[in-house]
Every structure is written in C-alpha cells, then in structure tokens.
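First up is the structure itself, then whatever we jot down about it.
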Amino acid sequence: MAGLGRFVDILRLFDEKTSEWTIQDIAERLDVPGSTVYRTVRELVGQGFLDPSREGHYRLGAVFIEFDRRLRLSDPLIREGVPLLRDVVSAVQFPCVAVIARLYRDQVICVADDRSPATDIATSYERGRPMPLLRGATSKTILAQLPRAKLSKIIKGAEGVDRAFDDIASELAAIRKRGFTVTRGEVDPGLVGISVPVTCAQGAINASFSLIVRASDFDDSTERRLAMLLLPASSILADKLNSRWF
C-alpha cells in the first residue's frame, strides 16, 4: 500500500458485514505489516475518518456523516432531483420506489431515492449502493447515453461480462432510440424497473430517473403512464442542471 491508496484500502474494509476492525485483522486482510496499518489508522482517526470503538477496535468516523451532508447540499443532481422524486412518487398513486442514479467513473450508484408511504417493496436500490452495470433499467439507461468509445472502455473493465460488446452496444442503442427502457426481475425478482435518461454534458453528468414497481402492478397501460410521468420529470431535471453551467 502506498499514498492515498493505503487509506482507501483500509476504509473499504468497513461494511455492513464487518463494521469494526482491529489493526491486526486489517494487517492480515491486506497482507501488510501491522506497523504500517497502525500508522495509517492513527492518521485516519486523527482526521475523523475512523473512530475508536471497544478496546482495540475501530469503526467509521463521523466525518462521513459530515461529508454526506455536504454532498446532499452541494451536488446539483441530488439537490434538484429530490423534489422531483417526491412529485413523481405522489403522482404514481400505487406502491413504488423512485431512484436517481449516476455513473461515477465505471460504477452506477444510486444518489437519491424516495418511496410511497408504507410501501413494503424491497429493492436493492438505495442511496450510496453500487448497482449491477449491465442489469436493470437504471444502469442500462445510463450506459445507453455514452459514446461508444467510453462504453467500450467501461465494459472491458467490468467483471463478469459474458456477452459480446457488439451485442451489448446494440441493445443499448435500441434503448437510446426508444427514450426509456423497462426491465423485469433483472435486479430484484418480482419487480419491474422503468427508467429514463438524465443528461447534462456541461456538468459531465450521466444519470437516470427510474421507478420500481411490483410486477403484479405493471402492464402495458401502466408502462405508458409511468413513462409519461418520468419523461417530463427527467426533462425538467436536465434543464435545471444545464442552466447551472450557462
């Protein structure tokens, strides 16, 4: 480990499965000397990225809460998108989850979500979670916006891709031409996703605005109605984003 990568490697160990680590456990997992881990952890604690827990253990620090607030307040996609999420969810009038996701380098990550009151829809889409790159309407809609060269680079670097690039590019071209896409059970069984693009070239934003509903609530007429809710909402969001760079 060296430089910034050393800090990132340690921080990425902390997740919902293992929320606390000792210096010895970190050293064994990363196969680096304990003395190196000790110095790095000490620096991370000093800057608030890690916090001492029970004796000898460390957990993520409060600085992440601070930065999450800063991101919510400063990211135009989140700031402008959240009110539109609420409007769309209210207009659907049956159980749903609305999601705004964005391409960060080579990952699709949900940046904001909202859901119907008291809905019991259990979806994998939640803020901050990386999503499958080639499954689901949310990700496919984002990839469909990309130039072929950038798409090729992302696909080549992705893990577990078992399809020819030309086949993937052909599917995404059809999505781009249609203007929205629908997928059934590709991410979560029993759920349908419908998604439209949100693009802001000036802000280097490639995003999507999606609704996730139960398959039992979805038919052809529902598809048309949801598309007619999403398309103007995404257009308004794109206009708001683009106006920031003029």
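Going from the fewest other Cβ atoms within 10 Å to the most, the residues Y104, Y38, Y58 appear in the order Y104, Y38, Y58. Sort region 148-246 into rounded, prolate or oblate with this rule: let a ≥ b ≥ c be the square roots of the eigenvalues of the Cα gyration tensor; rounded if a/c is under 1.5, and if a/c is not under 1.5, prolate when a/b is larger than b/c, oblate otherwise. Because a/c hits 1.5 or more and a/b fails to exceed b/c, region 148-246 counts as oblate.
Note on region 3-65: dipole from Cβ charges, positive end direction compared against L4, L50, S19; the farthest Cα belongs to L4. A straight Cα-to-Cα reach below 18 Å connects K17 with the aspartates and glutamates D9, D25, E28, D51, E126, residues fewer than 8 places away in its own chain not being considered. Think of each Lys and Arg Cβ as +1 and each Asp and Glu Cβ as -1; about the Cα centre, that makes the dipole of region 75-243 roughly 480 debye. Within the straight-line cut-off of under 21 Å between alpha carbons, the lysines reachable from K177 are K140, K150, sequence neighbours fewer than 8 places apart in one chain being disregarded.
Net charge in the neighbourhood of S90 (other residues with Cβ under 13 Å of its Cβ; Lys, Arg +1, Asp, Glu -1) is 0. For region 3-65, the mean projected area of the C-alpha convex hull, equal to one quarter of the hull surface, is 4.1 nm².
Between the Cα long axis of helix 76-92 and the first principal axis of the chain there is an angle of about 50°, rounded to the nearest 10.
Within the shell defined by Cβ-Cβ distances under 15 Å, the residues around E159 carry a net charge of +3, with Lys and Arg each +1 and Asp and Glu each -1. Under the classification rounded if a/c is under 1.5, otherwise prolate if a/b is larger than b/c and oblate if not, where does region 31-184 fall, given a ≥ b ≥ c as square roots of the Cα gyration tensor eigenvalues? Cα axes put region 31-184 in the oblate bin. About the centre of its Cα atoms, region 3-65 shows a dipole size close to 140 debye [charges on the beta carbon of Lys, Arg (+1) and Asp, Glu (-1) only; nearest 20 debye]. Using the Cβ-Cβ distance between S53 and D75 with R0 = 22 Å, the FRET efficiency computed as 1/(1 + (r/R0)^6) comes to roughly 0.15.
Rule-based calculations on the coordinates, nothing more; no lab input. These figures come from a predicted structure and were not determined experimentally. Note: ideal-geometry Cβ built from the backbone for every residue, glycine included; neighbour counts use all protein chains shown.
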